[in-house]
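The structure under discussion appears below in the form of structure tokens.
The values are calculated or read from the model by the stated rules, or taken from the named source; none is laboratory data. In this text, all values refer to a predicted model and were calculated from it rather than measured experimentally. Glycine also receives a Cβ, built like all others from the backbone with ideal geometry; neighbour counts cover every protein chain displayed. Accessible surface areas use protein heavy atoms only, side chains included; no ligands, DNA or RNA. Shrake-Rupley method; radii C 1.70, N 1.55, O 1.52, S 1.80 Å.
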Amino acid sequence: MFALMSIHHPRPEHREALIDSMHRYQDAIKGREGLVSIHTLQDAHSERLVGLAIFDSEEAFGALAPIARAAVADDPFDEWESVPIDGFGLTEI
């Protein structure tokens, strides 16, 4: 199992654009072999958004990541985010 968690801090005026981008990222790989689940989430206590994708393996992530990233390649994250995206590649221990 391999999980990708990305924490986003959207600027208020770009929140909906960022959510749309996160949905396009997930739609690009939803239903593909190797992806267990993918979610766009909101923190219950802040304005942060969290992308969470769970893959069968790190290899599956490696195969699907370019497809998902291509769907959002032209998005201006540096304009939309108040701080850089905080990303985690997570494995079970």
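If you go through segment 66-93 and keep only what is surrounded by 11 or more Cβ atoms within 10 Å (Cβ to Cβ), small (Gly, Ala, Ser) and out of contact with any Phe, Trp or Tyr (no Cβ under 9 Å at 6 or more places or on another chain), you end up with Ala70, Ser82, Gly87.
Residues in segment 1-31 that are β-branched (Val, Ile, Thr) and in contact (Cβ under 8 Å) with a residue 60 or more places away in the chain: Ile7 only. If you go through segment 49-59 and keep only what is farther than 16 Å from Asp27 by Cα and either open to solvent by less than 70 Å² (accessible area, probe 1.4 Å) or in contact with a Pro (Cβ under 8 Å, 6 or more places away or on another chain) (or both), you end up with Leu49, Ser57. Remark: pairs (first residue in segment 73-93, at pLDDT 95 or above; second residue open to solvent by 70 Å² or more (accessible area, probe 1.4 Å); Cβ separation under 8 Å; 6+ apart in sequence or on different chains) = Phe77/Ile85; Glu79/Arg11; Trp80/Arg11; Glu81/Arg11; Ser82/Arg11; Gly89/Glu58; Thr91/Met1; Thr91/Glu58. Within segment 7-30, the residues that satisfy the criterion of being open to solvent by less than 30 Å² (accessible area, probe 1.4 Å) and closer than 14 Å to Val72 by Cα are Leu18, Ser21, Met22, Gln26, Ala28, Ile29.
Do we find a residue being closer than 15 Å to Met1 by Cα and touching a strand residue (DSSP E or B) at 6+ places or on another chain (Cβ under 9 Å) anywhere in segment 38-46? Yes. Counting only strands (runs of 3 or more DSSP E) that sit wholly inside segment 9-93, those with at least 1 residues that are among the acidic types (Asp, Glu) are 86-91.
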